[in-house]
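The values are calculated or read from the model by the stated rules, or taken from the named source; none is laboratory data. Because the structure is predicted, anything quoted here is derived from the model rather than measured. For neighbour counting, all protein chains shown are included, and Cβ atoms are generated from backbone atoms with ideal geometry for every residue, glycine included.
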Amino acid sequence: MAFNLTNTSLKDKGLFLKLIENGLKKWIISKCNSVQSLKLEVFGSDLDLFKGIIKEIKLTAKKVTFKGLSFNIVKINTGKIRLNIKVFKKSINIKEKFKIEGEVNFTSKELEDSLLLNELSTLRCWLSKEILEVKELLSFKIDSDKIKLIGLNEDKEKIKTAYFTLLADKGKIIILNEECCINKTLPMDKNIYISEANITKGEIILKGYSNVIP
């Protein structure tokens, strides 16, 4: 993982730390489909940076779309990051893995809009067949503290509606419907550990952590 250093002013922080901060912002934005707002703070000093150390990074972003999935709010904190700095090439590389902790927030509209895109067709099919047990998913809504799914059966004549809850178990997201005896684990990146999964006030909130490997 690498990004370019760019010129900036020395307003609140040391020159080199500010360069890293601005470089990171540009790199993150370039990796997303869209970002409405992004606040990023790099903690440490220029002396730490010359030693190849960033003490911590805090990020808060709103209305983010990444690989077709839309988020209302994204919050990320990192642990200590060790760097390999190449001054003459005006770039840095991450030297070793580091831990990030995060929280993401989804609204009903963002998730339903995301599920209509080709990038998430696999997830849409999984929700249809494995969770709602229908041929086609018509609607995904967050109704208070539950997920409401609507779909069509095999002959596409009968509409099925069911409600589901979420919980986190052993680092995974579990989708539940006690009436239908459904208890399924959501397919996801094995490097991400989910510690909390909640539905509240019409929003899905997930908390977890992961190790970033360069």
Candidate set: the range 97-132, residues that are within 29 Å of Cys181 (Cα to Cα) and of a type in the set (Val, Ile, Thr); chosen: the one surrounded by the fewest Cβ atoms within 10 Å (Cβ to Cβ) = Thr122
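From Glu103, Glu110, grab the single residue that is of a type in the set (Asp, Glu), closer than 30 Å to Lys141 by Cβ and under 12 Å from the mean Cα position of the chain (by Cα). Please lay out each step first, then the result.
On the way: Glu110 fails: under 12 Å from the mean Cα position of the chain (by Cα).
Of the residues listed, the single one that is of a type in the set (Asp, Glu), closer than 30 Å to Lys141 by Cβ and under 12 Å from the mean Cα position of the chain (by Cα) is Glu103.
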task = Looking only at the range 138-158, decide whether some residue is over 30 Å from Ile20 (Cα atoms), surrounded by 16 or more Cβ atoms within 10 Å (Cβ to Cβ), at pLDDT 90 or above and among the aromatic types (Phe, Trp, Tyr).
result = yes
remark   = For the range 52-88 the number of residues that are without any contact (Cβ under 8 Å) to a residue 24 or more places away in the chain and loosely packed, with under 13 Cβ neighbours inside 10 Å is 3
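How many residues does the range 172-193 contain that are touching a strand residue (DSSP E or B) at 6+ places or on another chain (Cβ under 6 Å) and surrounded by 14 or more Cβ atoms within 10 Å (Cβ to Cβ)? Steps first, please.
Step one: of the range 172-193, the residues touching a strand residue (DSSP E or B) at 6+ places or on another chain (Cβ under 6 Å) are 172-177, 183-186, 191-193.
Filter again for surrounded by 14 or more Cβ atoms within 10 Å (Cβ to Cβ), leaving 172-177, 184, 186, 192-193.
Final tally of qualifying residues: 10.
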key: Qualifying position, being under 30 Å from Lys146 (Cα atoms) and modelled with pLDDT of 85 or more, among Glu96, Glu110   = Glu110
message = Can you find, within the range 194-214, the residue that is farthest from Ser144 (Cα to Cα) among those that are free of Cβ contacts under 8 Å to residues at least 60 places away in the same chain and crowded, with 16+ Cβ neighbours inside 10 Å?
response = Ile194
key: Checklist (1) at pLDDT 90 or above; (2) within 19 Å of Ser210 (Cβ to Cβ) applied to Asn72, failing item   = (2)
